[in-house]
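A.B. asks: Got a structure for you, questions after.
The values are calculated or read from the model by the stated rules, or taken from the named source; none is laboratory data. As the structure is a prediction and not an experimental result, all values here were calculated from the model. A quick note on method: Cβ atoms are made from the backbone with ideal geometry, for glycine too, and the neighbour counts reach across all protein chains shown.
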Amino acid sequence: MKTTTYLPNGDKEKETWMNNFDGKLPGYATKFGLTKDQLAIVHNDRLAFSYGLLEVEASKTFEHNCVTFKDDIRNGVETNLVSDFPVFVPPDNPPLAVAPGIFRRTGRFVTTLKANAAFTDAIGEDLGIIGADYQGKDNIEDYQTKLTVKQSGGTVQLKYVKGDLDGIKLESKRGTETDFTLLDKITQTTFTDKRPVLVAGVPEVRQYRAWCIIKDEIVGQVSDVVSVTVTPV
């Protein structure tokens, strides 16, 4: 059976993948004969990438503050108070700088791990370096994605196997609803359902299913239905 690539698409998803890979790799250092330098490269790459994402978020906050400042001095109510210029506040504790191409060299490193005689599918699954199975690669009528759900803090986090798809049409029903209705069209591999429960304070069962989308057209078969109980916070 063919598989999707093990490396997710989005930056946040890549960060989550890198955290898992870096966190678990030392546990297999002896089995693979890895050196401290090899482990350090992965670790430093992970820290640098995460810090880069923090800098992006900090820059967005700075941009917002700059726009607010500009609008205020341009159109604000006249006072005798003088506003200070916004100051960019970088994230704390910058890590060691690393060379460009983090995921290119990580990909080459993963290839060497898979070629190691000690490698097993179980280790690959644990490290997150084996792609997920998906159906219907050779026949568009057989395309079917797979949903997974998790409830946390009154919201539902959904993931799906994207493969060659452009996205999915996500449908849901909840509580006493009898029919599935469109929740959203999604192009990312994750989605958070933040809707409040239908009856305040009362847990409800939510069911989800998804249709595959390629070039804005529904193809293949609807996914299996997944269910989760949402507990209000």
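A.B. asks: Tell me which residues, restricted to the range 83-100, are surrounded by 16 or more Cβ atoms within 10 Å (Cβ to Cβ) and modelled with pLDDT under 95.
C.D. replies: Correct list: Pro86 only.
A.B. asks: A follow-up question, please. Among what's in the range 34-54 and is of a type outside the set (A, V, I, L, M) and touching a residue at least 60 places away in the same chain (Cβ under 8 Å), pick the residue that is nearest to Pro90 (Cα to Cα). First the steps, then the outcome.
C.D. replies: Of all residues in the range 34-54, those of a type outside the set (A, V, I, L, M) come to 35-38, 43-46, 49-52.
Adding the requirement that they be touching a residue at least 60 places away in the same chain (Cβ under 8 Å) leaves 38, 45.
Numbers: Gln38: 29, Asp45: 19 Å.
Per the stated criteria, the residue is Asp45.
A.B. asks: Could you give every pair whose Cβ atoms fall below 8 Å, whose first residue belongs to the range 80-91 and is closer than 14 Å to Phe69 by Cβ, and whose second residue is of a type in the set (Gly, Ala, Ser), counting only separations of at least 6 or pairs across chains?
C.D. replies: The qualifying pairs are Phe88/Ala58; Phe88/Ser59.
A.B. asks: Listed residues Gly10, Gly76; which is surrounded by fewer than 16 Cβ atoms within 10 Å (Cβ to Cβ), within 29 Å of Asp126 (Cα to Cα), small (Gly, Ala, Ser) and out of contact with any Cys (no Cβ under 8 Å at 6 or more places or on another chain)?
C.D. replies: Working: Gly76 fails: within 29 Å of Asp126 (Cα to Cα).
Only one candidate passes the filter, namely Gly10.
A.B. asks: Quickly run through the range 57-92 and pick out the residues that are under 30 Å from Leu25 (Cβ atoms) and touching a helix residue (DSSP H, G or I) at 6+ places or on another chain (Cβ under 8 Å). Step through it out loud before you land on a result.
C.D. replies: Restricting attention to the range 57-92, the residues satisfying the condition of being under 30 Å from Leu25 (Cβ atoms) are 57-58, 90-92.
Within the range 57-92, Pro90, Pro91 meet the criteria.
A.B. asks: Here is a follow-up. Inspect all residues belonging to the range 15-34 and state whether any of them is outside any helix (DSSP H, G or I), out of contact with any Ser or Thr (no Cβ under 8 Å at 6 or more places or on another chain), under 30 Å from Ala118 (Cβ atoms) and not acidic (Asp, Glu).
C.D. replies: Taking the range 15-34 and keeping what is outside any helix (DSSP H, G or I), we get 33-34.
Of the ones still in play, those that are also out of contact with any Ser or Thr (no Cβ under 8 Å at 6 or more places or on another chain) are 33-34.
Imposing the further condition that a residue be under 30 Å from Ala118 (Cβ atoms) reduces the set to 33-34.
Of the ones still in play, those that are also not acidic (Asp, Glu) are 33-34.
Yes, some residue in the range 15-34 is outside any helix (DSSP H, G or I), out of contact with any Ser or Thr (no Cβ under 8 Å at 6 or more places or on another chain), under 30 Å from Ala118 (Cβ atoms) and not acidic (Asp, Glu).
A.B. asks: Go over the candidates Thr178, Thr187 one by one and state the one that is surrounded by fewer than 19 Cβ atoms within 10 Å (Cβ to Cβ) and either in contact with a strand residue (DSSP E or B) (Cβ under 8 Å, 6 or more places away or on another chain) or under 19 Å from Gly153 (Cβ atoms) (or both). Steps first, please.
C.D. replies: Details: Thr178 fails: either in contact with a strand residue (DSSP E or B) (Cβ under 8 Å, 6 or more places away or on another chain) or under 19 Å from Gly153 (Cβ atoms) (or both).
Being surrounded by fewer than 19 Cβ atoms within 10 Å (Cβ to Cβ) and either in contact with a strand residue (DSSP E or B) (Cβ under 8 Å, 6 or more places away or on another chain) or under 19 Å from Gly153 (Cβ atoms) (or both) holds for just one of Thr178, Thr187, which is Thr187.
A.B. asks: Which condition number in (1) exposed (fewer than 12 other Cβ atoms within 10 Å of the Cβ); (2) within 30 Å of Thr187 (Cα to Cα); (3) not hydroxyl-bearing (Ser, Thr, Tyr) is the one that Trp17 fails?
C.D. replies: (1)
A.B. asks: With out of contact with any Leu (no Cβ under 6 Å at 6 or more places or on another chain), within 16 Å of Glu15 (Cβ to Cβ), part of a helix (DSSP H, G or I) and charged (D, E, K, R) as the only criterion, which of Arg74, Arg46 stands out?
C.D. replies: On the way: Arg74 fails: within 16 Å of Glu15 (Cβ to Cβ).
Result: Arg46 is the single residue among Arg74, Arg46 that is out of contact with any Leu (no Cβ under 6 Å at 6 or more places or on another chain), within 16 Å of Glu15 (Cβ to Cβ), part of a helix (DSSP H, G or I) and charged (D, E, K, R).
A.B. asks: Filter the range 9-52 down to the residues that are in contact with a strand residue (DSSP E or B) (Cβ under 9 Å, 6 or more places away or on another chain) and either farther than 30 Å from Leu165 by Cβ or not charged (D, E, K, R) (or both) and list them by number.
C.D. replies: Across the range 9-52, the qualifying residue is only Gly10.
A.B. asks: What are the pairs, 6+ residues apart or on separate chains, where a residue within the range 98-127 that is among the charged types (D, E, K, R) has its Cβ under 7 Å from a residue that is at pLDDT 95 or above and surrounded by fewer than 17 Cβ atoms within 10 Å (Cβ to Cβ)?
C.D. replies: Pairs that qualify, where the first residue is among the charged types (D, E, K, R) and the partner is at pLDDT 95 or above and surrounded by fewer than 17 Cβ atoms within 10 Å (Cβ to Cβ), are Asp126/Lys24.
A.B. asks: Determine whether Phe103 is among the aromatic types (Phe, Trp, Tyr), modelled with pLDDT under 95 and farther than 30 Å from Asn9 by Cα.
C.D. replies: For Phe103, the condition - among the aromatic types (Phe, Trp, Tyr), modelled with pLDDT under 95 and farther than 30 Å from Asn9 by Cα - is not met.
A.B. asks: Oh, and also: State which residue is farthest from Val156 (Cα to Cα) when the search covers only the range 191-203 and only residues that are in contact with an Asp or Glu (Cβ under 8 Å, 6 or more places away or on another chain) and surrounded by 15 or more Cβ atoms within 10 Å (Cβ to Cβ). Before you say what the answer is, go through the steps one by one.
C.D. replies: Our first condition is that a residue be in contact with an Asp or Glu (Cβ under 8 Å, 6 or more places away or on another chain); within the range 191-203, this holds for 191, 197-198.
Now narrow it down to the ones that are surrounded by 15 or more Cβ atoms within 10 Å (Cβ to Cβ): 191, 197.
Numbers: Phe191: 8, Val197: 11 Å.
That would be Val197.
A.B. asks: Kindly provide the set of residues from the range 204-218 that are buried (at least 18 other Cβ atoms within 10 Å of the Cβ) and of a type in the set (A, V, I, L, M, F, W, C), ordered by number.
C.D. replies: Selection gives Ala210, Trp211, Cys212, Ile213.
A.B. asks: Of all residues in the range 177-233 being polar (S, T, N, Q) and free of Cβ contacts under 8 Å to residues at least 24 places away in the same chain, which is farthest from Gln144 (Cα to Cα)? Working first, answer last.
C.D. replies: Applying the first criterion (polar (S, T, N, Q)) to the range 177-233 yields 178, 181, 187-190, 192, 207, 221, 223, 227, 229, 231.
Then keep just the ones that are free of Cβ contacts under 8 Å to residues at least 24 places away in the same chain; that gives 178, 181, 187.
Details: Thr178: 23, Thr181: 19, Thr187: 15 Å.
For the range 177-233, the residue satisfying everything is Thr178.
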